[in-house]
């Protein structure tokens, strides 16, 4: 019986090389202070990835991968599957290097993300809402036309690119002791955790995801990869966190370097969106507010900490969603 080899864990130089490679294309985003009542002197900062040129962290991994393609690979064009932010990252990076980009997106992807992806010159192919649907279609088109696949998360160079976010956190706040990152397919969490732990092992890194799409927490705590059906993960309004399972490479890095994964409710995420907007003057998309929801509502699960960074992974929110969040009452 054949066995699958365990993915190789990345080393610190791979992240440092990625940081040099993406410099000048992806932004070194700031840490914005977030004043949270009742934290007894602890400091909270937001890593504002919504300020990237495409409005999310996804540009880091996409460009790190695409920048390393050969001239022949670039001439063939690239393809990926995404609910929106990785789509924009691939479209933007492909435009920088002069390659064609084809993006397979779910039919329920936010219109703001579809429009932004098309505006970057990408060709969009729509499929059903399940993450497995778009992956299957992208692989079909890859085989048919010879495009180069740029996976959204389960890839070493994607992980390395996303992990540059962690290196920047350490550079800007060397005495940070807790970092919270949202998790879906695991590219951001695995990259950030690995880059940070290889640099400063004592810093705790915890993933945060919606309880309505908590496959990553179940995988982490059970010790084996778990897949949730699409009709469960699509219940959350965090469109960027509806992936049905962690990637295999991501899972190995998360098992090795992440301290825990906690979950937050939809009401807590919506409240965190309001807090980021009013208290930090940042505009998050629902997925981007998950980490803030963790520190706002589940601090007892995160102790001890003195200096915390919450990664706001993106800010590509539909106006209608933002309006509905801002006009409702804060949950008790």
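Rundown of residues vs (1) surrounded by fewer than 17 Cβ atoms within 10 Å (Cβ to Cβ); (2) farther than 30 Å from residue 297 by Cβ, yes/no style:
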position: 11; (1), (2): yes, yes
position: 14; (1), (2): no, yes
position: 18; (1), (2): no, yes
position: 25; (1), (2): no, yes
position: 35; (1), (2): yes, no
position: 45; (1), (2): no, no
position: 57; (1), (2): no, no
position: 65; (1), (2): no, yes
So which of 259, 300 ends up being touching a strand residue (DSSP E or B) at 6+ places or on another chain (Cβ under 7 Å) and surrounded by fewer than 18 Cβ atoms within 10 Å (Cβ to Cβ)? 259
Any chance residue 108 is crowded, with 20+ Cβ neighbours inside 10 Å and at pLDDT below 90: no
Unmet criterion (only one of (1) farther than 19 Å from residue 162 by Cα; (2) without any contact (Cβ under 8 Å) to a residue 60 or more places away in the chain) for residue 89: (1)
I'd like to know if the range 93-101 contains one or more residues that are under 20 Å from residue 314 (Cα atoms), assigned by TED's automatic domain parsing to the domain that holds residue 189 and at pLDDT 95 or above. no
Could you list, in sequence order, all residues of the range 49-74 that are in a helix (DSSP H, G or I) and closer than 15 Å to residue 150 by Cβ? 58, 59, 60, 61, 62, 63, 64, 65, 66, 73, 74
For the range 272-287, what are the residues that are in a helix (DSSP H, G or I) and farther than 15 Å from residue 44 by Cβ? 273, 274, 277, 287
Would you confirm whether or not the range 288-299 contains a residue that is over 16 Å from the mean Cα position of the chain (by Cα), farther than 27 Å from residue 172 by Cβ and either modelled with pLDDT under 95 or in the same structural domain as residue 49 (by TED's automatic domain parsing) (or both)? no
For residue 241, state whether it is at pLDDT below 95, crowded, with 22+ Cβ neighbours inside 10 Å, closer than 23 Å to residue 61 by Cβ and in contact with a helix residue (DSSP H, G or I) (Cβ under 8 Å, 6 or more places away or on another chain). yes
Verdict on residue 46 being outside any loop (DSSP other than H, G, I, E, B) and either over 19 Å from residue 318 (Cβ atoms) or not assigned by TED's automatic domain parsing to the domain that holds residue 185 (or both): yes
Taking the range 112-145 only, how many residues are free of Cβ contacts under 8 Å to residues at least 40 places away in the same chain, part of a helix (DSSP H, G or I) and within 23 Å of residue 314 (Cα to Cα)? 5
Quick check: is even one residue across the range 141-149 closer than 19 Å to residue 250 by Cβ and over 18 Å from the mean Cα position of the chain (by Cα)? yes
Here's a check for you: in the range 6-43, which residue that is without any contact (Cβ under 8 Å) to a residue 24 or more places away in the chain and in a helix (DSSP H, G or I) is farthest from residue 179 (Cα to Cα)? 20
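The values are calculated or read from the model by the stated rules, or taken from the named source; none is laboratory data. All values derive from a computational prediction rather than experimental measurement. Neighbour counts run over all protein chains shown; Cβ positions are idealised from the backbone, glycine included.
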